[in-house]
1. Between residue 48 and residues 5 or more places away or on another chain, which pairs have amide H atoms under 5 Å apart, with H built 1.01 Å from N, and which residues are they?
2. Using 1/(1 + (r/R0)^6) with R0 = 51 angstrom and r between the beta carbons of residue 235 and residue 130, what's the FRET efficiency to the nearest 0.05?
3. Just want to confirm a number: the relative contact order over the range 174-229, from Cα pairs under 8 angstrom separated by 6+ residues, in percent.
4. If amide H atoms are built 1.01 Å from N in the plane of the peptide, which residues on other chains or at least 5 residues away come under 5 Å of the amide H of residue 226?
5. For residue 204 and residue 157, calculate 0.36 nm times their separation in residues minus their Cα-Cα distance, and state this gained length in nm to one decimal.
6. In the P(r) worked out for the chain, what percent of Cα pairs fall beyond 30 Å?
7. What spacing in nm lies between the two simple spin-label points modelled at residue 45 and residue 286, each 7 Å away from Cα in the Cβ direction?
8. Over the range 197-308, calculate the relative contact order: mean separation of alpha carbon pairs under 8 Å at least 6 apart, over the residue count, as a percent.
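The values are calculated or read from the model by the stated rules, or taken from the named source; none is laboratory data. Since this is a predicted model, take the numbers as computed values, not measurements. Glycine gets a Cβ as well: all are built from the backbone with ideal geometry, and neighbour counts include every protein chain shown. Quick note on the areas: whole protein, heavy atoms, side chains included, nothing else; ligands and nucleic acids left out. Shrake-Rupley method; radii C 1.70, N 1.55, O 1.52, S 1.80 Å.
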Amino acid sequence: MSDERTAPRLPVSVVAHRLGIAPATLRTWDRRYGVGPTEHATGAHRRYGPQDLARLETMRRLVLEGVPPGEAARVVLEGGYDPATEGAQFPDRQGGLPLPEPRGPAQPLPGADEIARGLGRAATSLDSDAVLRCFAEQLARHGVVPAWEQVMVPVLVAAGARWEATGEGVEVEHLLSECVATALRQHSPPVESDRPVLLACAPNELHTLPLLVLSAALAERGHATRTLGAAVPAEALLAAVRRTRPPALFVWSQRAATGHRGLLEALPASRPPTAVFAGGPGWPSDLPARVNRADGLGAALDLMGRALRGSAL
Ligand code: B12
């Protein structure tokens, strides 16, 4: 470690780039938690020394391992955690930092923007190994909901917008989709059940990723699913419901061209009853009375969780 007194003081931009976190996050950590440059006069530019950098590296690692920022800052400021003994005192993800149940907007993931930007670059250069590795790491560190909503959704929306604007990049959408599907399947713990939840895309609907995300997030919460995947013909979907009488059915429609109310109206009543959920921007505003609209991933998990626990929706 270079001599603290003589070492150069680094500005926010350099530190942010080196740690792969947003300059705004650095300022928040300083302002809100006091994890900032030791010497900083109000109004002057922040300048970080080697010790400041070591504390930030520890803060970043703890937060990426799922420790709430306030708690991570307390550990760092008490000096109780030395980078040299990294990983010794904090169990890894499997060791039991419980995933918070999704409640409204997810806790912002520090560095999500940079990670999403890196993922976007890898996808644009069709580097499937890098995309898969990066998304798998985010899933392992943060769980499905934060990794999907804060890292992958921005990349997918950007890929779609590029296609819409230029007509190019469908190969990037295909590569991203395959990597996301593989990473989610590898991440999902096996869950046994004799009446799994049934998940399907509407007829002619090829956008399957939200279905796979929901399946992985439900598995994280101990719920088994059976996924029929893309473009399920209406008769096949009705047959699957009749044959399996699932506790819950979720149907995804991404575009109005596939979200037909008639399909939901034709769903058979079953004993015990099947709770029906429609998700995706493709469904019309007025849905049949027995169908619950799930506007977001969090909402779908809340509503389906309640239905599976037998509580009123
Ligand atoms: C990947 C992709 C594909 C892949 C799908 C591969 C696969 N296995 O899924 C491929 C290449 C096959 C494809 C094909 C097409 N696609 Co496409 N595709 C996309 C892309 C990039 C991501 C789709 C996705 O997963 N979105 C999910 C998230 C990222 O987006 P979102 O739906 O906006 O999410 C919001 C909510 O739905 C909710 N949410 C997010 N996740 C979840 C999960 C759950 C469970 C719930 C309940 C809610 C929820 O929260 C988000 C914020 O509000 C989108 C871009 C985009 N913006 O979505 C275009 C997009 C959906 N596609 C589009 C189009 C037009 C097509 C094609 C017609 C193109 C063509 N001419 O061939 C075909 C149609 C194929 C078909 N029959 O369905 C348009 C749709 C425009 C419209 N009318 O709505 C989009 C929006 C691109 C664009 N910007 O124009 N596509």
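1. HN-HN under 5 Å from residue 48: 10.
2. Calculated transfer efficiency: 0.80.
3. In percent, rounded to a whole number, it is 44.
4. 197, 198, 199
5. Full extension from residue 204 to residue 157 adds 14.8 nm.
6. Summing the P(r) of the chain above 30 Å gives 44 percent of all pairs.
7. Rounded to a tenth, the inter-label distance reads 6.2 nm.
8. 27
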